[in-house]
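Every number here is computed from the coordinates shown, using simple stated rules; none is lab data. Here the structure is a predicted model, which is why all the values come from computation and not from measurement. Reconstructed Cβ throughout: ideal geometry from the backbone, glycine too, with neighbour counts over all protein chains shown.
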Amino acid sequence: MPNYEVQIHDETGRLDKVVSDQIVDLSRSQVKTAIDENRLLVNGHGEKAKYQVQPGDQITIEIPEPTSLSLEPQDIPLDIIFEDDDVLVVNKPQGMVVHPAPGHPDQTLVNALLFHSPLSTINGEFRPGIVHRIDKDTSGLLMVAKNDRAHRSLSAQLKDKTSLREYVALVHGNIKEETGTIDAPLGRSPKDRKKQAIVADGRRAVTHFQVLERYGEYTLISCRLETGRTHQIRVHFAYIGHPLAGDPLYGPKQTLPGHGQFLHAEELGFYHPVTKEQLVFRVNAPELFQKTVAKLRQRAGLVVDKLV
């Protein structure tokens, strides 16, 4: 069974709703079943689904994985940017799923990582080493914990907002502002549980952005995550009327050739769990992203031969 842990900070409401909002992998009915079967504990004790969560509550959940899933090491090439005894930094290609799930039982980043190295065990059997995730069709940098000590340190840095996560994205429309901040709470969409949405009782989500270039009908931006909610950048820019180009879930019908949203995790920084040295890594966007931007620059009469 995978183990999930949820720490309550400023969230309010029913136990079943808060937990299902925070763990996008779990439906509210799955959470309710875990409560009924005493596999969901609040501060080590069982509570009813209607229990109102309190600041400081520590929630643990065990959810059985589908029996069809098995996690096997697979010899899949990895683009490793940095590695030592504690941490891996990997450049995930667009199209690769981070960890196994229904519909994606293998050929994931975790399968490749397991073949390469021992990983931390904190995040459950099917998410070893995974401290944070990016979507299947988002490319770029991920930090991976090779042991539990490193995992705890990296998770704490995410929680304390001392890590750095910078993205580059191509969005629809012409953003008029040079810089801005989107501060809008995210939760599971009440209309479609596969999607996230801006909801009044959602978790606080903050994205800072800066315009890099304008191409008339598209804008190239950089984004810095203050929080790391599921689909945060994708939902936030759709919310302000500038959805990501190529986004099959939150954007308009595809208008640029590609295989999903033009979103790349370009820069990643954190303090090493053991040495405490600040490490910062940067990788350029994939070839298709760069070629697409070059064509848009050419159409707009801008300098073409720059890397994204």
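A few points about this structure:
- Taking the Kirkwood radius as Rh and the Cα radius of gyration as Rg, the chain has a ratio of Rg/Rh equal to 0.97.
- The alpha carbons of segment 193-232 give a radius of gyration and a Dmax of 13.1, 36 Å, in that order.
- Remark: C-alpha extents of segment 97-137 on the principal axes read 24, 19, 17 Å, sorted largest to smallest.
- The length gained by stretching the chain between residue 179 and residue 3 to full extension, at 0.36 nm per residue less their Cα-Cα distance, is 59.4 nm.
- The label-point distance for residue 275 and residue 189, in a model that sets each label 7 Å from Cα toward Cβ, rounds to 4.4 nm.
- Annotation: average projected area of segment 167-308 is 10.0 square nanometres, based on the convex hull of Cα atoms across all directions.
- Modelled label reach - residue 302, point 7 Å along Cα→Cβ, segment 241-265 residues with backbone N closer than 18 Å: 242-246, 256-257, 262-265
- Arranged from fewest to most other beta-carbon atoms within 10 Å of their beta carbon, 225, 256 become 256, 225.
- Residue exposure sequence - 86, 148, 247, 16 - by fewest surrounding Cβ within 10 Å: 148, 86, 16, 247
- Sorted from longest to shortest, the spans of the Cα atoms of segment 38-142 along the three principal axes equal 46, 30, 25 Å.
- Paramagnetic reach from residue 295 in segment 253-268 [backbone N under 17 Å; point 7 Å along Cα→Cβ]: 253-263
- Charge dipole of the chain about the Cα centre (unit charges at C-beta), most positive-ward option of 15, 60, 233: 233
- Largest first, the extents of the alpha carbon coordinates of segment 4-87 on the three principal axes equal 47, 31, 20 Å.
- Computed FRET value (nearest 0.05) for residue 39 with residue 288, which takes r as the C-beta separation and R₀ as 41 Å: 0.40
- Net length available on complete extension from residue 152 to residue 106 is 13.9 nm, with 0.36 nm assigned per residue and the Cα-Cα distance removed.
- P(r) tail fraction, segment 229-308 - alpha-carbon pairs more than 20 Å apart, %: 50 percent
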